[in-house]
Amino acid sequence: MFVSVAVPVPQLPLLTYLAADGALPVRGARVLVPLGTRTVTGLVVGEGTVPDDASSVKSILEVLDDEAFLPDAVVDLALWVAEYYVAGPGDALAAAMPPGAWVESLRRFRLTDSGRTALTLPLDPPRRRLLASLEKTPRTLRGIVAAVGESSESLLRALVRDGLVEPVMAVAGRARAFRTEVVASLTAAGAGLAAALEAAADPTLGARQRTALAELAAAGVPMAASALRERGVDPGTLRRLAARGAVHLESRVRERDPFAAGQVPEVGRDDARVLTDEQQAAFEAIRARVDRGEFAAMLVHGVTGSGKTELYLRLARQTIAGSRRVLIMVPEIALTPQVAAQFRAAFGDRVAIQHSGLADGERHDQWHRIRRGDVDLVVGTRSAVFAPIDRLGLIVVDEEHDGSYKQDETPRYSGRDVAVVRARRAGAVVVLGSATPSMETYFNTTSGRYERVVLARRVLDRPLASVRVVDMREEYAASGPDVVLSAALTTAIASRLERGEQSLLLLNRRGFATSVLCRQCGHILECPNCSVTLTVHRRRTGTSRALCHYCNYSVAVPSACVRCAAPYLEQLGFGTDRVQAEVERLFPAIRASRIDRDTVQRRGAMQEILGRFGKGELDLLVGTQMIAKGHDFPRVTLVGVVSADLGLGLADFRAAERTFQLLTQVAGRAGRGEQAGEAIIQTLHPDHYSIKLATRQDYEAFFAEELTYRRAMAYPPVVGLISVVVRGSTYGEALESAADLAARLTRTARGAFALLGPAPAPLAKLRGAYRAQLFLKTRHRDVTRAALREVLGGMPELTRRVTVDVDPQSML
Ligand code: ADP
Ligand code: ZN
């Protein structure tokens, strides 16, 4: 019997193995298989086809699961991802696995105490041989087979069943597997001792033993050893009491709960809240779909502050009432913990959370809760699209336009698009929510593939923020080129300070200065590994370093030019750190803080800053796009965009769309409470349509204008786009390989796509490798993908140097 197995090795196709005892392991079970000189964990995908050379097929070493580890639907979904995104099936399945699922080294087997005893008794020779082989040291299955012969696997299983031998899990997986803790409870004898103690001290008991008995008696329930230790009872005391028969000790699985760890804030629930007319209409429209129990894709196009989260909550409740389950996807939980918190408040511990910010152990435990069916609702980031939820009735993708739904490593999937596929397969409703829908999603509503539901007004009829544009060309002319904050923005911040209101300042670039220039020879400090300039970052110690944002290379900022040795170095451009410094210079008494990758590296740092801001302990927050996401801070009445132009300079067809989205979203952070809000946008391009239309918050006009351009240039959503980057050790090698690849693709699927390039990639050098890029524009994605697969399949050496990105988010 041949078995088709996916292994987590990049770009490898499905492999065929022989089922050890002839029976096909269940689909979705994990198996240990030999691969070259290694042993790896693989996942059973189904029955394998009979290979040409059946004699070379290797056997599965061990089946790790009797039941499916991954449910069928998730296996199917991952295989679809591999196919669509031109990735290896093992790559895609790995993305669907919880931490600790791939056992990295072999399981070993050791004797139990009964096993040792059995060795002193009469035994049949095979059993004795196998047990004896484990007497001195635990062995892997392979080790046992080597020591006692081929037939030992079934015998071993029998011995495990009889309790004479036990498996010890691989070291690599141990820290991530279930965590256990020791729990102590009083025995009947112990309860008697404790009661007697109240009358008179027992001289046979030490003081700590008496404390332990009293604590356990007072608690009335089993207590964790760690909790007892906090009360001065050490494990030794417990062991002595256990030896005396007064205490029973056992070890229990303890779930690590990210909600308990304070990573998600507590929020109150207001169940009595009445939906607005618009919310109610949207609810009815979507609910009708949910109740029907068929696939439907709906866009909830709701302006910022229109109460989309409340709508999702009601829909989730409706779905769960109909005995189906719910998946809520958000761009980044760490950025918007309120959303997770609201679902937690509404559905209690029937909620699980899945995102990469969790410690592996927490993620592991949450995953297994979902797998066991202990939860009705999962809140998670893009990888949660693979959560093992069954009876799925509703998937919500909040802020569906957000770029972080796209994974920027293999498999390069879009969590949003995979969610739509999953919903279709599960017969579920998928709701895509946004104030600024992606071009793709909105395009799908115009063609009728998705339905559109509109929330045009903010709840309680709060007005949208008024938006003002400041032309920085005038500002530079008046005050010189070093201006960071315009007069208008400075005045606006001052008035917020006076009134005790809060401000947000956005600049989508971290660091202090963006480049170091020699005024004598014009040399600019560049990364030796990447074709980018180095950004200046200040250290807390007061020193500065120049850092590459791509490969993390860094050097101390030199005091003289490294090329001509002149001491006239100038720092140009500015990032968030400089903005904060400027704010603090202008307003010495201000309480300001900053949110960007530099300040939130430490776990929990972001929550801490957002928490202080939420409580009003800060007046102003500077940040990158992290602060533009769905935060709801009612005291913010001013949002300043320090430069709206950063995205516009990029050679990327999405530049205008991204700018429009960012500006609209960040303006949406202002005026969410009682006071009206104001947004001030600084730009050198006040006439650019993305800035003008964001100022008017006119989505439809933007979509129409942008679509005209996408049509004219043949870009998504009008055509499909695939990016192929080829790396080489020189420009020549990269370009040559890319040209070769392009020629083969054209021969294989002539007419299926239009070719752009090959040309040097915009980031022509990255982490030491030279890069050439080609784009395939296509209306026949299937044919084009198949051609890619075929050509790359025949060129394994090249495949290692190629990155394929289907529906790329970034052109770099
Ligand atoms: P969005 O996600 O659309 O930007 P939110 O869901 O954050 O909007 O809602 C904005 C604010 O309005 C939140 O503070 C929310 O609690 C509140 N809200 C939502 N729906 C209602 C309602 N029906 N009545 C009163 N307040 C509401
Ligand atoms: Zn670099």
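Taken together, the values in this text are just the output of simple stated rules run on the coordinates, not laboratory data. For clarity, every value in this text was computed on a predicted model and none was experimentally measured. Here the Cβ positions follow ideal geometry from the backbone for every residue, glycine too, while neighbour counts run over all protein chains shown.
Points to keep in mind about this one:
- Taking only the alpha carbons of segment 206-255, we obtain Rg and Dmax values of 10.3, 34 Å in that order.
- Restricting the calculation to Cα atoms, segment 345-426 shows an Rg/Rh of 0.95 when the hydrodynamic-style radius is the Kirkwood one.
- Computed over the chain, the P(r) curve from all C-alpha pair distances, binned at 10 Å from the origin, holds 2, 11, 18, 22, 20, 14, 9, 4, 1, 0, 0 percent per bin.
- Over segment 1-63 - Rg/Rh using Cα atoms and the Kirkwood inverse-distance radius: 0.91
- Annotation: cysteines of the chain without a disulfide-compatible partner (Cβ-Cβ under 4.7 angstrom) are C551.
- Calculated from the alpha-carbon coordinates, segment 421-510 shows an Rg and a Dmax of 21.0, 61 Å respectively.
- When segment 688-812 is reduced to its Cα atoms, the Kirkwood hydrodynamic radius in Å: 15.7
- Kirkwood hydrodynamic radius of segment 1-141, Cα pairs, Å: 16.6
- Mean Cβ count within 10 Å, highest first, over the residues of peptides 499-507, 419-427: 499-507, 419-427
- With Cα atoms, 0 to 90° folded angle of helix 72-84 axis to the chain main axis: 40
- Semi-axes of the equivalent ellipsoid for segment 611-748, Cα gyration tensor, largest first, Å: 40, 20, 13
- Distance histogram for segment 534-623 (every C-alpha pair counted, 10 angstrom bins, percent rounded to whole numbers): 14, 39, 31, 13, 3, 0
- Base-10 log of normalised Debye intensity for segment 174-243 (one unit scatterer per alpha-carbon) at q = 0.19, 0.25 Å⁻¹: -0.71, -1.16
- Range of Cα positions in segment 88-140 per principal axis (Å), largest first: 52, 19, 15
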